[in-house]
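Encoded as structure tokens, the structure appears first; notes follow it.
The values are calculated or read from the model by the stated rules, or taken from the named source; none is laboratory data. In this text the structure is predicted, and so the values were computed from the model without any measurement. Here Cβ is always computed from backbone atoms with ideal geometry, including for glycine, and neighbour counts include all displayed protein chains. SASA here: full protein model, heavy atoms, side chains in, ligands and nucleic acids out. Shrake-Rupley method; radii C 1.70, N 1.55, O 1.52, S 1.80 Å.
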Amino acid sequence: MNTKHKMFVWMVMASLLRRRSRMIVALLAVVVGATILSGLEMIYYDVPRQMSAQFRSYGANVILTPSGDGYINRGELEKCVAEFTDEELEGYTPYRYENTQIHNQPQTLAGVDFDSVLKTSPYWHIVGSLPKSSGQALVGAKAAESLGVKEGDSFSAVNTFEVTSDINTADIPSYEMYSDPETGEMYCDHSLDLTVAGILETGGSEEDYIYISLEDAESLTLSDRGCDIVEVSAAAMQERLTEAVERINESSESVSAKLVKRVTASESTVLTKLQSLVFIVTAVVLVLTMICVATTMTAVITERRREIALRKALGALNGSIIAEFMSECLVLGGFGGILGSVLGYYFAQIVSMNVFGSSIAFRPLLIPITIAASVLVTGLACLVPIKSAVDVDPAIVLKGE
């Protein structure tokens with residue numbers, strides 16, 4: 001750095017320090033603006049993840065069903081869920097429904113994967129516990145009332161089915177098998193002993209079913225057929241979910257995928273409104289920051305009118321005056337942007353914890369954006385005051401008029 005540049009830097013810093021009370025006001029305005037800008041930027045980019053996590057409590061947002069009268073086998077299921085990345089896929093739960101007799105009453109049993117069911121149905125309220133071993137059942141509140149059972153009670157589910165060639169009769173006790181006297185076809189009344197591990201309360205149709213493990217469902221029916229429906233919970237925006245659903249429908253002839261509109265549409269609507277609100281608040285804050293900086297710099301330049309007039313009378317060019325004042329503004333903007341970037345993260349963290357109940361991800365790439373925005377806003381705010389400095393008439397000012 002040569003002597004001329006050193007002198008210029010000294011002049012800029014000396015000017016800032018001599019009027020530090022006004023410059024502190026301008027700096028605080030920039031810091032506040034940069035803090036809110038940085039914080040809202042982080043919230044804006046983290047809102048989709050936060051909102052998606054909140055909406056997952058409402059259940060699955062994609063449903064897979066057989067295209068025809070068949071079932072969804074394990075191979076097709078794995079192929080379909082592979083359309084979602086590991087980061088997007090919260091979980092998926094296959095369901096298999098079977099009509100049975102319990103206490104001589106018709107009841108519907110649902111075979112389910114208990115390891116994943118709470119990932120797709122986190123709203124389930126269970127009195128007791130989820131089944132942890134074979135022979136345990138989760139009974140819906142309405143079904144429990146109908147059967148007169150409670151936690152810890154035992155009952156038997158009886159499944160009646162035709163004995164066909166694909167069923168291993170060696171696994172069927174002889175007393176369970178009988179033939180139709182008219183057709184001669186063989187039937188079986190196979191039973192499964194179950195113990196109530198918990199009672200399910202949701203306030204919805206889930207209370208009508210009795211849930212058992214998929215393994216128990218296979219044991220009861222002596223069949224390992226596929227599932228009837230699969231619930232998928234994916235942390236992704238509606239556009240991404242729509243794309244995945246379309247790809248599944250195009251690539252699979254036996255599986256039909258569709259979005260749960262009430263979940264995905266609500267998520268998209270709320271997210272759009274929230275992001276719009278963040279954008280509006282950010283714009284208002286930046287405008288207020290510009291006004292505050294412009295007002296402060298106008299006052300500074302008014303105080304320095306005689307100094308500016310004297311410099312111009314001694315031959316100073318307008319360019320040097322513009323460079324000095326613009327440098328002061330850019331120093332304020334840069335320093336305020338740096339402080340605001342740091343404070344913005346803590347501001348975003350406080351907002352995220354109070355609104356969403358979870359911490360926010362730190363995004364280093366937003367720091368240079370915040371600093372650049374702060375410098376730009378401060379520079380724009382100084383344009384009008386600097387123009388007034390350039391327009392100073394030395395003759396009039398030095399005469400005291």
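Once you treat every alpha carbon in the range 72-123 as an equal point and sum by Debye, what is log10 I(q)/I(0) at q = 0.20, 0.29 Å⁻¹?
-0.82, -1.14
Taking 0.36 nm per residue of separation and subtracting the Cα-Cα distance, what length does fully extending Val281 through Glu151 add?
Details: separation 130, 0.36 × 130 = 46.80 nm, distance 5.27 nm.
Taking 0.36 nm per residue and subtracting the Cα distance, the gain is 41.5 nm.
Using unit Cβ charges (K, R positive; D, E negative) and no other charged atoms, how large, in debye to the nearest 20, is the dipole of the range 60-259 about its Cα centre?
Working: 11 positive and 38 negative charges, 90 e Å.
The dipole magnitude comes to about 440 debye.
Which value in nm describes the separation of the simple spin-label points at Ala82 and Asp224, placed 7 Å from the Cα toward the beta carbon?
It works out to 2.0 nm between the two label points.
Using 0.36 nm per residue of separation minus the Cα-Cα distance, give me the extension gain between Val384 and Glu303 in nm, one decimal. Could you put the intermediate results ahead of the total?
Working: separation 81, 0.36 × 81 = 29.16 nm, distance 1.56 nm.
This chain segment gains 27.6 nm when fully extended.
How much accessible area does Phe279 have with a 1.4 Å probe, in Å² rounded to the nearest 10?
Ignoring ligands and nucleic acids, Phe279 comes out at about 140 Å².
What residues qualify as long-range amide H neighbours of Ser116, i.e. H under 5 Å apart, gap of 5 or more or another chain, H built at 1.01 Å from N?
Amide H to amide H, under 5 Å and 5 or more residues apart or across chains, Ser116 pairs with nothing.
For a quick check of understanding: with a 1.4 angstrom probe and all protein chains in place, what accessible area in square angstrom does Thr242 have, to the nearest ten?
Surface accessible to solvent at Thr242 totals approximately 50 Å².
Enumerate the amide H contacts of Val163 below 5 Å, restricted to partners 5 or more residues apart or on another chain; note that Pro and chain-start residues carry no placed amide H.
Met186, Tyr187, Cys188
Can you check what the net charge comes to around Gly70, using other residues whose Cβ is under 12 Å from the Cβ of Gly70 (Lys, Arg +1; Asp, Glu -1)? Display every interim value, and only then the final one.
Details: positive: Arg225; negative: Asp69, Glu76, Asp228, Glu253.
Taking every other residue near Gly70 into account, the sum is -3.
Using θ = phi - 60° and the Karplus form 6.51 cos²θ - 1.76 cosθ + 1.60, what ³J(HN,Hα) does each residue of the range 202-209 get, whole Hz, x for Gly and Pro?
In residue order, the calculated couplings are 10, x, x, 5, 4, 6, 7, 10 Hz.
For the range 29-38, take each phi angle, set θ = phi - 60°, evaluate the Karplus expression 6.51 cos²θ - 1.76 cosθ + 1.60, and give the result in whole Hz per residue in order, putting x for glycine and proline.
Listing the rounded values in order: 4, 5, 4, 4, x, 5, 4, 5, 4, 4 Hz.
Return the sequence-ordered ³J(HN,Hα) values of the range 211-225 in whole Hz as given by the Karplus equation 6.51 cos²θ - 1.76 cosθ + 1.60 applied to θ = phi - 60°, using x for Gly and Pro.
Listing the rounded values in order: 9, 10, 6, 4, 5, 5, 5, 5, 5, 5, 9, 6, 9, 10, 4 Hz.
Ordering Lys312, Lys387 by accessible area with a probe of 1.4 Å, largest first, what comes out?
Values: Lys312 40, Lys387 125 Å².
Greatest to least solvent exposure: Lys387, Lys312.
Taking the simple approach of a point 7 Å from Cα along Cα-to-Cβ for both Ile291 and Ile322, what is their distance in nm?
2.8 nm
How many nm is it between the label spots at Lys132 and Asp115, if each spot is 7 Å from the Cα in line with the beta carbon?
Those two pseudo-labels are separated by 1.6 nm.
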